[in-house]
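Working notes for the structure below.
Since every read-out is calculated from the coordinates, none of them should be taken as a lab result. Predicted model only: the values in this text are computed from it and were never measured. Glycine also receives a Cβ, built like all others from the backbone with ideal geometry; neighbour counts cover every protein chain displayed.
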Amino acid sequence: MKLKDKIAIVTGASQGIGRGIALGFAEAGADVVVNCDRNIDGADTVANEIRTLGRRAEAIQGDVSRSNDVDRMVQQTLRTFGRIDILVNNAGIYVAGPIENLREEDWDRVIEVNLKGVFLCCQAVGRHMIERKSGGSIINVASISAHMPELNSGAYTPSKAGVIGLTRLLAVEWAKYGIRVNALSPGPVMTPLQREAYPSEKLLEARTRAIPMNRHGTPEEMARVAIFLASGDSSYITGEDINVDGGSQASMFYLVHRLAECTREEPTM
């Protein structure tokens, strides 16, 4: 078991990629804090699933963009488990729309959760890891949108680009403490939120065919990469951004061509 008896915090873990990572960590032997902002029922469900795997779990509600909530989550984790070995910053939000129409409050909220939240969690957990002098692994969930700007993504693309920059800064500053900091950038992953983004089967099929591997990824596939980054298997890797995208970044021409092909209207007879 690659993460046997490790203690991990996974933010935004009540569903989707966060849930997949939390469960994957438990299967790999870790005890897990399941953080959520509002969906405490979902977080409780994930925590119960982890317990059925024979590992300890705690569901903790808190807004990662608020320092008081983050400090409370970290202190509660330390009271319950005694230490923190792994942090996964997965919590994030998305507000779509053209940038010229983006409301200031929507920009602020996305940046607060997606970037400031990563900073606050890294800072709080990093201080513990530095004081403990036993190192640790921090994984920040970014997005391929940080590299390939997504149309009408508002503040999402800039926020994820900031996450990668912050990841590299922390990796350099904290390497001397034995703390490794890496980013995981998913491509299209089939989660409840992703499904809602494509209300019709035709749109979903077009998006799927625009992925070179011709399918969406799964939360379980993201979890396997997170386990690698959290474990000793990646002991000499820090400051990296690992793209897990089914080849989506390999060729922007493929993406444009396939989307155009899939959405082109059929000629009428």
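Over every pair of different alpha-carbon atoms in the range 61-151, take the mean of 1/r and invert it; report that Kirkwood radius in Å. Please list the in-between numbers first.
Numbers: mean 1/r = 0.0687 Å⁻¹.
For the range 61-151, inverting the mean 1/r across all distinct Cα pairs yields 14.6 Å.
Given the C-alpha centroids of the range 1-79 and the range 188-228, what is the distance between them in whole angstrom?
Answer, in whole Å: 23.
How large are Rg and Dmax for the range 31-92 when only the alpha carbon atoms are used, in Å?
11.2, 32
Using the Cα centre as the reference, give the magnitude of the dipole from point charges on the C-beta atoms of the chain (Lys, Arg: +1; Asp, Glu: -1; all else neutral), rounded to the nearest 20 debye. Numbers along the way, then the final one.
Numbers: 30 positive and 33 negative charges, 184 e Å.
Around 880 debye, computed over the chain.
Projecting each Cα onto the charge dipole of the chain (Lys/Arg +1, Asp/Glu -1 at the beta carbon, about the Cα centre), which of Pro149, Ala91, Gly136 comes out farthest on the positive side?
Gly136
In deg cm²/dmol, rounded to 500, what helix-only [θ] at 222 nm does the chain give when every DSSP H run of at least 4 residues adds -39500 (n - 2.57) and the total is split over its residues?
So the helix-based figure for the chain works out to -14000 deg cm²/dmol.
In Å, the Kirkwood hydrodynamic radius of the range 121-189 over pairs of distinct alpha carbons? Present the calculation step by step, with values, prior to reporting the outcome.
Numbers: mean 1/r = 0.0782 Å⁻¹.
When all Cα pairs of the range 121-189 are included, the Kirkwood radius is 12.8 Å.
Take the alpha-carbon centre of the range 107-122, take the same for the range 128-185, and report the distance between them in whole Å.
12 Å
Lysines within cross-link reach of Lys4: Cα-Cα under 27 Å, excluding same-chain residues under 8 positions apart?
Lys133, Lys176
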